[in-house]
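The values are calculated or read from the model by the stated rules, or taken from the named source; none is laboratory data. If you're wondering where the values come from, they're calculated on a predicted model, not measured in any experiment. FYI the Cβ positions are ideal-geometry reconstructions off the backbone, even for glycines, and counts take in every protein chain you see. The protein model used for the area step is the full one, side chains on, heavy atoms only, and it has no ligands, DNA or RNA in it. Shrake-Rupley method; radii C 1.70, N 1.55, O 1.52, S 1.80 Å.
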Amino acid sequence: MPATIIDGKAFAAKVRGQVAAHVARLREEHGLIPGLAVVLVGEDPASQVYVRNKGTQTLEVGMNSYEHKLAVDTSEADLLALIAKLNADPAVHGILVQLPLPAHLNSDLVINAIDPAKDVDGFHISNVGLLGTGQKSMVPCTPLGCLMMLRDHHGSLSGMNAVVVGRSNIVGKPMAQLLLGDSCTVTIAHSRTKDLAEVCRRADILVAAVGRAEMITGDMVKPGATVIDVGINRIERDGKAKLVGDVEFASAAEVAGAITPVPGGVGPMTIACLLANTLTACCRAKGLPEPEGLTA
Ligand code: NDP
């Protein structure tokens, strides 16, 4: 039987609707408008598109969007001064510095200068530590989106075997922490893993976050497994540009029980979770109840 397609686009629209409804209530009942500041250094075309999309969607759910576009040669001191200003600004509840930064800027230093309570990307070392110790934190958007889709599809994840392929700080590691938090038995695979196919075939939940086009094929998927494809790879096929995931969709969909497509799977959930995190940050800052179902 072909796999159920997990429609990330539709799910993201639902999440944005929940965020918008909560934002409208905050405005009516408390006169509060959550605000997200996005900082872009330089003119990387892909980053410019991401920042534009984030700004548009922030406004669409009724939040304030503050875009700060800085020249490519901005000094670290000037960038840190802007972050200090945003940290102190009560109208700003979330701060996101678009990565990658130009090479002369120290990303770790810059990210760790953000107030952890406003760190809606969840990359600050405090949030990494809080997530790792199972405490309330800001959770990185892409893994949070994956977790939401998995919970929606399965209900409880308790006791399931999860394999995360990829151990990056922004996807693989936080994904594994979140699955562990939901009581999965978690394996993290990476470029040195021996017999990756055999490791993947143990997974009830298989998350691919590798950055290699269509590397996970159907023969690596356990029959009935749920496959979450985080990868975004631009390839050329039959002379046309195409976006594909880390999973070979056609062969995996023949074996899996459920699968996210690329595009239209994890991607749209990432920005939806950024908006959810901004709302959560605003509620926490004001001591108000957090939105239900939008946090880990
Ligand atoms: P990184 O390059 O930071 O990490 C890739 C990971 O994959 C590494 O841990 C690496 O292992 C592992 N890996 C590489 N080759 C192999 C292999 N042959 N076998 C097993 N593991 C391998 O990537 P990111 O985590 O940042 O991103 C992963 C993918 O997700 C990319 O396609 C990216 O574009 C996409 N992405 C999508 C997002 C979305 O919104 N949908 C958001 C963020 C990322 P090792 O550590 O040993 O080198």
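Classify the stretch 4-99 as rounded, prolate or oblate from the Cα gyration tensor: take a ≥ b ≥ c as the square roots of its eigenvalues, call it rounded if a/c is under 1.5, otherwise prolate when a/b beats b/c and oblate if not. Don't skip to the end; give the middle numbers.
Values: a/c = 3.11, a/b = 1.34, b/c = 2.33.
It comes out oblate by the Cα gyration axes.
Report the percentage of all Cα-Cα pairs in the stretch 18-155 whose separation exceeds 26 Å, rounded to a whole percent. Walk me through the intermediate numbers first.
Values: 2561 of 9453 pairs.
It works out to 27 percent of all Cα pairs.
Using a Gaussian network model of the chain whose springs link C-alpha atoms within less than 10 Å, name the residue from Val221, Val244, Val266 with the highest mean-square fluctuation.
Val244
Over the Cα atoms of the stretch 71-115, each weighted equally, I'd like the Debye log10 I(q)/I(0) at q = 0.19, 0.20 Å⁻¹, rounded to two decimals.
Computed log10 I(q)/I(0) values: -0.56, -0.62.
Over the alpha carbons of the stretch 119-248, what is the largest minus smallest coordinate on each principal axis, giving the biggest first in Å?
48, 31, 30
Per residue, how much accessible area does the chain have with a 1.4 Å probe, in Å²?
Result: 46 Å² of accessible area for each residue.
For the chain, what is the mean residue ellipticity at 222 nm derived from helices alone (per DSSP H run of n ≥ 4: -39500 (n - 2.57); sum divided by total residues; nearest 500 deg cm²/dmol)? Could the numbers behind the result be given before it?
Details: 10 runs with 122 residues, N = 296.
Per the formula, -13000 deg cm²/dmol.
Quick test of your reading: applying the under-4.7 Å Cβ rule, which cysteines of the chain are isolated?
If one checks each Cβ against the other cysteines of the chain, Cys146, Cys184, Cys200, Cys282, Cys283 turn up with nothing under 4.7 Å.
Determine, from the Cβ-Cβ distance of Ala46 and Ala71 and an R0 of 22 Å, the FRET efficiency 1/(1 + (r/R0)^6), rounded to the nearest 0.05.
About 0.75, to the nearest 0.05.
What's the lysine pair count for the chain at a Cα cut-off below 26 Å, pairs eight or more apart or interchain?
For the chain, qualifying lysine pairs total 29.
So for the chain, what are the equivalent ellipsoid semi-axes in whole Å, largest first, each being the square root of 5 times an eigenvalue of the Cα gyration tensor?
Semi-axes (√(5λ), whole Å): 32, 22, 18.
Ignoring ligands, DNA and RNA, what percent of the accessible area of the stretch 30-116 is carbon or sulfur (1.4 Å)? Display every interim value, and only then the final one.
Working: 2300 of 4140 Å².
Summing carbon and sulfur atoms, their accessible area is 55 percent of the total for the stretch 30-116.
For Ile125 and Leu180, what does the FRET efficiency come to when R0 = 22 Å and r is the distance between their Cβ atoms, rounded to the nearest 0.05?
Calculated value: 0.70.
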